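The values are calculated or read from the model by the stated rules, or taken from the named source; none is laboratory data. Note that this is a predicted model, so its numbers are computed, not measured. Cβ atoms come from the backbone with ideal geometry, glycine included; neighbour counts cover every protein chain shown.
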Amino acid sequence: MSKTNTKIWSFGAFSLDEASFELTQSRVPVAIEPQSLRVLIFLLRHRDRVVPKEDLIEAIWQGRAISDWAISGAIKAVRVALGDIDRDNRIIKTIHGCGFRFVADAISTDREGGRGPKATVFVRVFRSTGDNAEADYLADSLTEDLIHSLSRHDALTVLSYNTAKALGAEAPGDIYGVTHVIEGNLRDIKSRIRVSTAILDAKTKNQIWSERFDLTRDSLLAGHDLIADRLLAVIAPDRSLAARKPRGTLNSNAYDAYQKGRYAYFRYEPQAFAQALSQFEKAAELDPDFANAYAQQAYCRTTLYVFGLPGSDETLGPAEALAREAIRRDETAALGYARLGWVLGYLGRPEETIAAFAAAIARDPENPEAYLAYGETMNRLARPQDAGPLLEAVFSKDSFLPPSWEFPQGHCQLLLGEQDVAVGHFQAVLDRVPRFIPARVQMVRAQWELGDIEGARQTISRIKNIAPRYSLAHARRMFPYPVRKEANALTEALSGAGLH
């Protein structure tokens with residue numbers, strides 16, 4: 001491996017070791033999300049000046065269009081970790097209209113020899129090759145599984161799956177301190193799946209190791225574990241993987257169907273939701289104890305019902321039953337509780353909704369998706385003041401998030417009366433996921449309230465092109481506000497713009 005210099009920072013009772021990627025206070029580790037720690041490192045490195053938010057965006061988010069929520073959420077998380085929450089902010093100052101500055105006294109010492117005992121790994125999304133279109137989901141599944149497997153070891157810092165998806169072939173910025181890059185490709189060849197993978201030195205780009213694996217669909221899980229073991233043996237040869245985190249099933253075929261379902265669902269296309277449901281049903285048939293397969297069925301059935309798509313149930317009763325079945329099968333898994341909270345929010349049962357999401361977060365406090373679903377459910381209950389902190393937490397968990405995840409921020413801002421800000425969020429979603437109907441529905445309301453009547457009518461036209469059967473009744477079902485003011489405002493905008 002190439003050698004680089006990293007620093008150990010000391011300020012007050014705090015110490016930040018870039019090599020071990022750890023913040024301590026009086027030698028006691030401080031809990032802080034990786035993204036927020038990178039923000040702190042960047043501010044320390046540039047403590048001699050005010051850092052504009054544009055510089056943070058370039059360094060942490062690599063120049064991507066992100067919302068102010070992401071920045072404010074990360075800064076807030078740093079301040080909470082440092083106990084810098086007084087109005088005078090003794091450590092990090094906000095210079096209004098300019099940016100942020102680290103103002104506390106700090107000293108640094110150089111550490112020679114790279115990032116010390118802790119390697120930082122970036123797993124690029126594996127490429128699928130050949131003529132089989134289904135290989136795309138296999139490559140995506142392998143990438144996610146390797147990231148989760150390697151993340152279990154405290155000798156490694158592994159960049160998230162969302163980061164891998166967002167960056168694609170790009171390299172992470174210097175602030176990430178990546179030491180190893182893992183890349184590869186996957187080819188689905190009739191009875192076997194051939195995986196070629198390599199490890200690169202992140203600084204020199206030289207290949208350190210490569211190997212080819214031949215897997216079968218019946219051995220996918222064992223194959224993923226074998227690849228993870230071999231990668232760890234090269235990156236941290238004196239370590240072994242920690243106890244494997246359960247995937248919810250030991251049945252490779254059930255896992256394969258489950259991953260097909262996830263891949264279909266997150267295309268966010270109307271016809272894909274029914275395809276996803278079919279795969280989740282297949283996963284549960286292959287392994288009746290696969291709790292997450294029931295949870296995702298609940299999610300799909302809720303989506304089909306809310307969107308009014310063909311094959312939807314007449315009520316949300318089946319979706320609620322499936323979410324509860326997921327919990328019955330495995331009450332330690334967070335996903336069942338998160339999906340139950342999602343369903344109960346649509347059913348207008350706020351106390352049960354809050355309890356379900358609280359149970360999900362207690363079981364998996366690092367999962368940004370649970371906070372996102374909780375926050376958007378609070379929006380749908382017309383409680384944006386409760387949604388805001390939950391959505392801020394989403395952006396403290398990860399630097400890069402799926403494009404549709406910006407929708408709840410826009411929804412929250414719209415409910416708070418910030419229509420201009422909301423339009424920006426909705427447009428950011430639609431630029432990347434143009435068939436995402438919830439963003440178009442709320443865009444109509446924002447445009448209508450801003451007086452852009454023609455824009456609202458054009459948005460309605462696009463909704464009808466995406467989902468010809470979509471009606472005002474479906475919109476009310478999608479956003480079942482219990483507060484009459486919000487329900488009436490949405491109805492007025494949609495009907496005025498031509499949705500009936």
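Across region 54-103, what is the total count of residues that are in contact (Cβ under 8 Å) with a residue 40 or more places away in the chain and polar (S, T, N, Q)?
Count: 3.
Identify all residues within region 368-395 that are touching a residue at least 40 places away in the same chain (Cβ under 8 Å) and either aliphatic (A, V, I, L, M) or touching a strand residue (DSSP E or B) at 6+ places or on another chain (Cβ under 9 Å) (or both); write none if there are none.
Leu381, Ala382, Leu391, Ala393, Val394
Residues of region 396-412 being touching a residue at least 60 places away in the same chain (Cβ under 8 Å) and either of a type in the set (Lys, Arg) or over 21 Å from Leu167 (Cα atoms) (or both), which ones? Break it down stepwise before answering.
Here is the first cut: in region 396-412, the ones touching a residue at least 60 places away in the same chain (Cβ under 8 Å) are 396-402, 404, 406, 409.
Matches in region 396-412: Lys397, Gln409.
I'm told Gln207 meets every condition in (1) touching a residue at least 60 places away in the same chain (Cβ under 8 Å); (2) more than 22 Å from Asp136 (Cβ to Cβ); (3) of a type in the set (S, T, N, Q) except one. Can you identify the failing condition by its number?
(1)
Give the residues of region 404-459 that are assigned to a helix (DSSP H, G or I) and either touching a strand residue (DSSP E or B) at 6+ places or on another chain (Cβ under 9 Å) or among the acidic types (Asp, Glu) (or both), sorted by residue number.
Start the filter on region 404-459 by keeping residues that are assigned to a helix (DSSP H, G or I), which leaves 404-415, 419-432, 437-449, 453-459.
Correct list: Glu406, Asp420, Asp431, Glu449, Glu454.
Within region 442-475, how many residues turn out to be surrounded by 13 or more Cβ atoms within 10 Å (Cβ to Cβ), modelled with pLDDT under 95 and of a type outside the set (A, V, I, L, M, F, W, C)?
Qualifying residue count for the region: 4.
The rows are residues; the columns are (1) surrounded by fewer than 16 Cβ atoms within 10 Å (Cβ to Cβ); (2) in contact with a strand residue (DSSP E or B) (Cβ under 6 Å, 6 or more places away or on another chain); (3) assigned to a strand (DSSP E or B).
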{"site": "Arg187", "(1), (2), (3)": "no, yes, yes"}
{"site": "Ser196", "(1), (2), (3)": "no, yes, yes"}
{"site": "Ile199", "(1), (2), (3)": "no, yes, yes"}
{"site": "Trp209", "(1), (2), (3)": "yes, yes, yes"}
{"site": "Arg212", "(1), (2), (3)": "yes, yes, yes"}
{"site": "Leu220", "(1), (2), (3)": "no, no, no"}
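Taking Thr94 as the residue in question, decide whether it is part of a strand (DSSP E or B) and farther than 22 Å from Thr157 by Cβ. Working first, answer last.
Numbers: part of a strand (DSSP E or B): yes; farther than 22 Å from Thr157 by Cβ: yes.
Answer is yes for this residue.
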